[in-house]
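First up is the structure itself, then whatever we jot down about it.
Derivation of every value follows stated rules applied to the coordinates shown; laboratory data play no part. Quantities reported herein were computed from a predicted structural model and do not represent experimental measurements. Cβ atoms come from the backbone with ideal geometry, glycine included; neighbour counts cover every protein chain shown.
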Amino acid sequence: MSSAQDLRLFLDRSSNSKRLAQALRDMGTDVVTIGERYGVKPAETVKDVRWLSEASSEGRICVGADSSILKNELEIAAVLESSARYLLYPNNNLSARQQIERFQGLLPEMLPLIDRPGPWAYKMTPDGLLEVPEAVLRKRLEDRKRRRE
């Protein structure tokens with residue numbers, strides 16, 4: 001059975017707080033933040049396509065707080081193409097303490113996902129993990145492309 005020590009996480013810009021990263025490390029997870037990977041200033045401008053691809057190729061599960069990433073055409077395409085695995089807080093309004101508590105509370109639901117290949121995305125809601133199925137992401141991508149035509 002998997003444990004927190006088996007989680008390899010990548011915290012994106014929206015979840016890049018030192019407090020969250022340290023709390024996740026204290027739980028035993030392997031955490032890399034976008035700021036650590038690219039440098040604080042460059043992390044502000046690194047393209048989502050790049051970090052999604054790189055984090056995914058390392059087998060990391062991405063963690064973020066900007067669920068609009070699942071609505072933007074380029075970002076949906078990047079999630080799908082890189083077979084990203086993504087855990088998302090529903091919005092950016094949670095404090096670091098609330099993010100930590102939510103993560104800890106949902107950890108038992110996350111552990112079975114460690115070995116599940118991507119692409120996939122789950123929203124971390126107060127009631128549990130809510131899957132955004134791959135089929136939904138593909139449909140959103142198709143719809144966005146159609147609107148452009």
request  = For Ala43, state whether it is touching a residue at least 24 places away in the same chain (Cβ under 8 Å) and under 20 Å from Met124 (Cα atoms).
outcome  = no
inquiry  = Return the pair list, or none, for Cβ contacts closer than 7 Å from residues in segment 133-149 that are within 18 Å of Ala121 (Cα to Cα) to residues that are of a type in the set (D, E, K, R) and assigned to a helix (DSSP H, G or I), at least 6 apart or on different chains.
reply    = Leu141/Glu73
request  = May I ask you to list pairs of residues, at least six apart or on different chains, whose Cβ atoms are under 9 Å apart, with the first in segment 83-97 being over 28 Å from Pro117 (Cα atoms) and free of Cβ contacts under 8 Å to residues at least 24 places away in the same chain and the second being among the acidic types (Asp, Glu) and surrounded by 13 or more Cβ atoms within 10 Å (Cβ to Cβ)?
outcome  = none
Hey, Ile114 in contact (Cβ under 8 Å) with a residue 40 or more places away in the chain, of a type in the set (Val, Ile, Thr) and farther than 19 Å from Arg19 by Cα or not = yes
request  = Kindly list the number of the only condition in (1) touching a helix residue (DSSP H, G or I) at 6+ places or on another chain (Cβ under 6 Å); (2) within 23 Å of Pro133 (Cβ to Cβ); (3) surrounded by 13 or more Cβ atoms within 10 Å (Cβ to Cβ) that fails for Ala55.
outcome  = (1)
